[in-house]
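Comments concern the structure below.
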Amino acid sequence: MVITKSRLVLGATAVTLSTIAVTSLGIHSRGQALFKASPKELVDEVWQIVQRQYVDETFNQVDWQAVRKEYLNKSYSNQQEAYKSIREMLKKLEDPYTRFMDPQEFKNMQVDTSGELTGIGITISQDEKTKQLVVISPIEDTPAFKAGILAKDVILKIDGKSTKGMDTNQAVSLIRGSAGTQVTLTIQRSNQEKQFKITRARIEIHPVRYSQKQTPVGKVGYIRLNQFSANASKEMQQAIRNLEKQQVNGYILDLRGNPGGLLFSSVEIARMWLDRGTIVSTVDRQGEQEREVANGRALTNKPLVVLVDKGSASASEILSGALQDNKRAVLVGTQTFGKGLVQSVRPLDDGSGLAVTIAKYLTPNRRDINKHGIDPDVKVELSDAQRQELWLNERDKIGTLEDPQFARAVDVLGKEIAAKGTPTAGKK
């Protein structure tokens, strides 16, 4: 299996509620082919793609040949009937990560290369066991973030409509809308129901923010990575190079609340910190593996601490897992989200799209973190109340010594600096 930059995405059910998606689709025009596919041909096209690519060759114990016979024996008078059958067909796999998108849904998922998006700014998933819609993470500085939405919140209702039995595509269609309009989400958090009225907006995304911090262990480079978008690696490179010029003693990389994104982006960023070693392996249904490795071009070898929490998902888990297994960094915080699957996202002949789970990924030590996540080396829990207070009401404290997880990271980094013999404040 070849890892391509254009069509592989991590955390397969992750859907960002905006016009920007979690993957670069690499879609090319199909010209007149868009007008040729009959409804039945579209159903068969979807079946064939799953037949060739799906990660589990038993199709999760489903007789996939019988499914084809069932749905091709039906008559279809229009595309909408075909769409309904495709969704029914895919539902038999009981894999919320494999999903069909009609042309509008597929268009909404395509990457906006301007780096701007319209929406509320949350990434959602469907829990495999409960089938509930769960927030992976709000994107920082978006309406959802400012309203108080948190990672792991369960979406019970959208504008009063129950989400029971609703898939991510249906939820997205209800939550999306024009800038300036409002949507009300009913959220379950710690057995309590809360309502959030959120105004949609046009949002500009900057994946990397960084600064030099004066701490008890000397000058520390603090880098916050919000998501693994197409330009994240370029911004990360600039951040590290600028902080190196400022002669920082070590780094704290903050992946808290980062819902993931592009596979190639996580690999490129890992190479900036790792000189050698495996970064990630992907395994398809034949057991064939594709490994991504460091290329000897790390930008720094200074001590590194990575902050993670339950909002750190998919690409965040690839990066933190690679740094942890290669003993390049110490992870501080809480257990990560637990999304270890890879999707292929592709266009269909009528302009609709299909996302298919084609592989799982393993950390360098061959850990399968799907559904479990990555455990930090140093656990620092925050209660929901503490997280809400810090991330919403006292955001100026994030990345300061008044941020409990950051403060612990500084302490851990100081020990790493001392062990490595890197100069600290007062010891130059």
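Just so it is clear, none of the values below were taken in a lab; they were calculated from the coordinates. Computed from a predicted model, the values in this text were never measured in an experiment. We place every Cβ from the backbone using ideal geometry, glycine too, and count neighbours over all the protein chains shown.
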### Charge dipole (the chain, unit charges on Cβ, about Cα centre) - positive-most of 86, 358, 311
311
### Query
What residues qualify as long-range amide H neighbours of residue 306, i.e. H under 5 Å apart, gap of 5 or more or another chain, H built at 1.01 Å from N?
253, 330, 331, 332
### Task
Inverting the mean 1/r over all pairs of different Cα atoms, compute the Kirkwood radius of the range 199-342 and quote it in Å.
15.5 Å
### Summary
Normalised Cα Rg of the range 334-423, dividing by 2.2 N^0.38 Å with N its residue count, works out at 1.62
### Query
What value, in deg cm²/dmol to 500, does the helix sum -39500 (n - 2.57) over DSSP H runs of n ≥ 4 give at 222 nm once divided by the residues of the chain?
-8000 deg cm²/dmol
### Task
Give, in nm to one decimal, the length gained when the segment between residue 141 and residue 78 is fully stretched (0.36 nm per residue of separation minus the Cα-Cα distance).
18.5 nm
### Query
What is the dipole size for the range 299-420, taken about its Cα centre, with +1 at each Lys and Arg Cβ and -1 at each Asp and Glu Cβ, in debye to the nearest 20?
540 debye
### Query
Can you list the HN-Hα couplings for the range 132-145, worked out from phi with the Karplus curve (6.51, -1.76, 1.60; θ = phi - 60°), rounded to whole Hz and with x for Gly and Pro?
7, 7, 10, 6, 6, 5, x, 7, 4, 6, 9, x, 5, 4
### the chain: projected area of the alpha-carbon convex hull, averaged over directions, in nm²
20.5 nm²
### Query
In this model, which of 310/379; 129/164; 131/164; 91/152; 40/84 are farther than 18 Å apart at the alpha-carbon?
91/152
### Task
For residue 213, list the lysines whose Cα falls under 19 Å from its own Cα; do not include residues on the same chain fewer than 8 positions away.
245, 302, 397, 415, 427, 428
## Note on the structure
Beyond 22 Å, the calculated P(r) of the range 304-380 holds a percent of Cα-Cα pairs equal to 30 percent
### Label-to-label distance, nm, for residues given as residue 66 and residue 276 (7 Å Cα→Cβ offset)
5.4 nm
### Summary
Taking the range 126-226, the whole-percent share of alpha-carbon pairs separated by over 24 angstrom is 34 percent
### Summary
With a Förster distance of 41 angstrom and the Cβ-Cβ distance between residue 164 and residue 299, calculated FRET efficiency to the nearest 0.05 equals 0.25
### Task
Return the sequence-ordered ³J(HN,Hα) values of the range 65-76 in whole Hz as given by the Karplus equation 6.51 cos²θ - 1.76 cosθ + 1.60 applied to θ = phi - 60°, using x for Gly and Pro.
5, 5, 4, 4, 4, 4, 8, 7, 7, 7, 9, 10
### Task
Would you grab the residues whose amide H sits under 5 Å from the one on residue 122? Only those 5+ places off in sequence or on another chain, please, with H modelled 1.01 Å from N.
17, 139
### Summary
Rounded to one decimal in nm, the spacing of the 7 Å Cα→Cβ label points at residue 419 and residue 57 is 4.3 nm
### Query
Long-range amide H contacts for residue 380: which residues qualify at under 5 Å (H placed 1.01 Å from N, peptide plane, sequence gap of 5 or more or a different chain)?
333, 334
### Query
Taking Cα centroids, how far is the range 222-288 from the range 177-193 in Å?
31 Å
### Query
Mind listing which chymotrypsin sites (Phe, Trp or Tyr not before Pro) in the range 81-189 are in a DSSP loop and have 15 or fewer other Cβ atoms within 10 Å?
none
### Message
Please list, by residue number, everything in the range 319-346 whose backbone N is under 19 Å from a paramagnetic label point 7 Å out along Cα→Cβ of residue 189.
### Response
334-337
## Note on the structure
Pseudo-spin-label distance residue 154 to residue 244, built 7 Å along Cα→Cβ, given in nm, is 4.8 nm
